[in-house]
Amino acid sequence: MTVHVFIHLNAKRAETVSLLDLGATENFLNLNYAKWLKLPIKRLSFPRKLFNVDGTENKAGQLQFYTDLAIQTGMTTTNMRFFLTQLGEHKAILGYPWFAAIQPKIDWSPYTANFFFVKKKDRKLCPVQDYRLINKWTKHNQNVSPLIPQVIDRLRGCTLFTKVDVQWGYNNI
């Protein structure tokens, strides 16, 4: 999911699209974009390793720089730290700190199933989910798993990833 971001500085105004990533443990800005904006760039006292979601070290290397920005959402202004690194095609990633501070209201209800209980013959309650609404959105007979060579080609050059534990989710259905 993405969101439009408007950046207002004394000498410059810019608009970009930011990736919203609840799995990212920090907020990030593209280092070259921060330099172009002439943001106040500060050096970390100790460089931090940057890891991809699969646990491998990011090819951009260690995090060495950051900038502190005042973020305004609606009428609320919050000071937030953005770590600067190469983000590939993205200029900004709003991660968990942004979600925790802003707590945006994202409407996911079209993608949920009704959940209720039905009494069984022995009078115990049995949980039931009604998938009829979700089934209306489902594309039938579609292979959702891409071929491995296609995945490798699409991920070439990517630096940040989000990991999903499919087995955990499957076992909780």
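Numbers at a glance
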{"read-out": "Total residues in the range 39-85, condition under 18 Å from Gly157 (Cα atoms) and exposed (fewer than 11 other Cβ atoms within 10 Å of the Cβ)", "value": "3"}
{"read-out": "Filter pass, Lys121 being over 27 Å from Phe28 (Cβ atoms), in a loop (DSSP other than H, G, I, E, B) and over 17 Å from the mean Cα position of the chain (by Cα)", "value": "yes"}
{"read-out": "Top-ranked residue in the range 6-33 [being part of a helix (DSSP H, G or I) and out of contact with any Phe, Trp or Tyr (no Cβ under 8 Å at 6 or more places or on another chain); ranked as surrounded by the fewest Cβ atoms within 10 Å (Cβ to Cβ)]", "value": "Asn32"}
{"read-out": "Those residues of the range 1-50 which are of a type in the set (Gly, Ala, Ser) and under 11 Å from Ile93 (Cα atoms), in sequence order", "value": "Ser18, Gly23, Ala24"}
{"read-out": "Close pairs (6 angstrom Cβ cut-off, 6 or more residues apart or separate chains): in contact (Cβ under 8 Å) with a residue 24 or more places away in the chain in the range 6-22, surrounded by fewer than 16 Cβ atoms within 10 Å (Cβ to Cβ) and small (Gly, Ala, Ser) anywhere", "value": "Ile7/Ala14"}
{"read-out": "Filter result (over 19 Å from Ala34 (Cα atoms), among the charged types (D, E, K, R) and free of Cβ contacts under 8 Å to residues at least 12 places away in the same chain) within the range 51-90", "value": "Glu57"}
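Rule-based calculations on the coordinates, nothing more; no lab input. Quantities reported herein were computed from a predicted structural model and do not represent experimental measurements. All Cβ positions, even for glycine, are placed from backbone atoms using ideal geometry, and neighbour counts span all protein chains on display.
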